[in-house]
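Taking it in order: structure first as structure tokens, then the write-up.
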Amino acid sequence: MSDPTGSPSAPPPGCPAHGSAVHLGGLEYQQTPSQLYRTLRREHGPVAPVLLDNDIPAWLVLGYPEVCYVTGHDDLFARDSRRWNQWGNIPPDWPLLPFVGYQPSVLFTEGTEHQRRAGVITQALEGVDQFELARECELIARQLISTFAGGGEAELMSSFAHALPARGVLWMCGMPQGSADTEQLVDDLRISLDAGEGDDPVAAYMRVGSRIMQLVKEKRERPGADVTSRMLLDPAGLSDEEIVQDLISVIAAAQQPTANWICNTLRLLLTDERFALNVSGGRVSVGDALNEVLWLDTPTQNFIGRWAVRDTQLGGRLIREGDCLVLGLAAANTDPQIWPESHVGAENSAHLSFSSGEHRCPYPAPLLADVMARTAVETLLDRLPDLVLAVETDDLNWRPSVWMRGLTSLPVRFTPSLQ
């Protein structure tokens, strides 16, 4: 950092580069992030100085009111990452560059341009028939289950939870179900968002972009009753390139978070006696489990981010112009200010799992994600009613990520079924 004259200086108290900053990472995040959030809140208050990869300074917003304030004041905390005062320190191979590097998508737009782009997405998503989506997702779920139902065991993260929302959102966008083309796109989405050993996520992402551009061109020639066609026909007149960028954003936002929502809910249902006693047949308490997961194990733990438009105050901290703020959605959901008795319940939906403010998930995206997740869980439990974990609960491992909350795998056993 430097002083107003441009001369190097030591970071002032309150700057995220200060010596009290905590590395945002480590083993604690894998298994018990909630404990780390409590420690950070106790030691630093609702806004904590943190260090990202390569010791890049940022602020982690932990408090529920503070997250709402940041997301509700785009005039102070904007989305265009080109404002960042740390770009001179970011190496070209920085791991978080795909998430913060400016892209011409709806994610980084502001003001009237964001309203235009987000409005097109909202209108297109509002045209999705939720009952039709539920029927399609049930069909997809049954097809996926049929591939492993006869074996008596399965790993649900790879064989079920990841594939279902990918197929579901591609169906909404107008991709033909069951074709080799669509299956390749589903696999490329998995690789680009959640690469495994030996995968090439960059090449997979390029293939995704190429196929979505082809889809846009196909729908411009032959529009149908799908999200892509509605975006093309919207009076806002988005270009093909803008629609490709925004479709990729919609697909990515629907796929991995919903997959983790499905798997985290199944984990809760299979390990918590409150649900195990009541979920016979998969119809009772599934909704409660889905909502509780959004409070306690939300798929998107932290979101990067917002960038300060000018010097300002937040949670007793001096935030400098260009500082990066990470939205601590998981920490905010368990803020003791909203749960003073340390009891987080599933009786309401005021969580921040879909963020808040103008840049939150566009309506009705949360409702469509709920349809996909609820249908997936209920269909699985209906089809395999004696589903149990194939390992001890303590043997389940969370992914080593400070951003997403999801299991590395969910192995289960059940009575083989050939129906």
Item to complete: Could you run through segment 119-176 and say how many residues are on the phi > 0 side of the Ramachandran plot and in contact (Cβ under 8 Å) with a residue 60 or more places away in the chain?
Response: 1
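If the requirement is being among the aliphatic types (A, V, I, L, M), open to solvent by less than 20 Å² (accessible area, probe 1.4 Å) and under 15 Å from residue 69 (Cα atoms), which of these qualifies: 369, 330, 308?
Only one candidate qualifies: 308.
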Item to complete: Out of 395, 370, report the one residue that is of a type in the set (Asp, Glu) and more than 18 Å from the chain's Cα centre (by Cα).
Response: 395
Worksheet entry | Subset tally (residues that are touching an Asp or Glu at 6+ places or on another chain (Cβ under 6 Å) and either within 14 Å of residue 219 (Cβ to Cβ) or open to solvent by 60 Å² or more (accessible area, probe 1.4 Å) (or both)) for segment 174-191 | 1
Response to the item:
Taking segment 398-419 and keeping only residues that are of a type in the set (A, V, I, L, M) and under 18 Å from the mean Cα position of the chain (by Cα), one is left with 402, 404, 407
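So that you can scan it fast, the table gives a plain yes or no per residue for (1) outside any helix (DSSP H, G or I); (2) within 19 Å of the chain's Cα centre (by Cα):
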residue	(1), (2)
125	no, yes
128	yes, no
134	no, no
144	no, no
160	no, yes
175	yes, no
183	no, no
199	yes, no
210	no, no
Worksheet item: Inside segment 21-51, can you point out the residues that are assigned to a loop (DSSP other than H, G, I, E, B), in contact with a strand residue (DSSP E or B) (Cβ under 6 Å, 6 or more places away or on another chain) and farther than 19 Å from residue 400 by Cα?
Response: 21
Worksheet item: Are any of the residues in segment 397-419 free of Cβ contacts under 8 Å to residues at least 40 places away in the same chain and not in a strand (DSSP E or B)?
Response: no
Worksheet, complete the sentence: Reported set for segment 52-86 where residues are open to solvent by less than 30 Å² (accessible area, probe 1.4 Å) and in a loop (DSSP other than H, G, I, E, B) is 62, 63, 76, 79, 80, 84, 86
Worksheet, complete the sentence: By residue number, the members of segment 180-198 that are under 16 Å from residue 137 (Cα atoms) and free of Cβ contacts under 8 Å to residues at least 12 places away in the same chain are 183
Discussion item. Can you find, within segment 94-111, the residue that is modelled with the highest pLDDT among those that are open to solvent by 40 Å² or more (accessible area, probe 1.4 Å) and aliphatic (A, V, I, L, M)?
Written reply: 107
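The values are calculated or read from the model by the stated rules, or taken from the named source; none is laboratory data. What you are looking at is a predicted structure, and each value in this text was computed from that prediction instead of being measured. Backbone-built Cβ (ideal geometry, glycine too); neighbour counts: all protein chains shown. Surface areas here come from the heavy atoms of the whole protein model, side chains and all, with no ligands, DNA or RNA. Shrake-Rupley method; radii C 1.70, N 1.55, O 1.52, S 1.80 Å.
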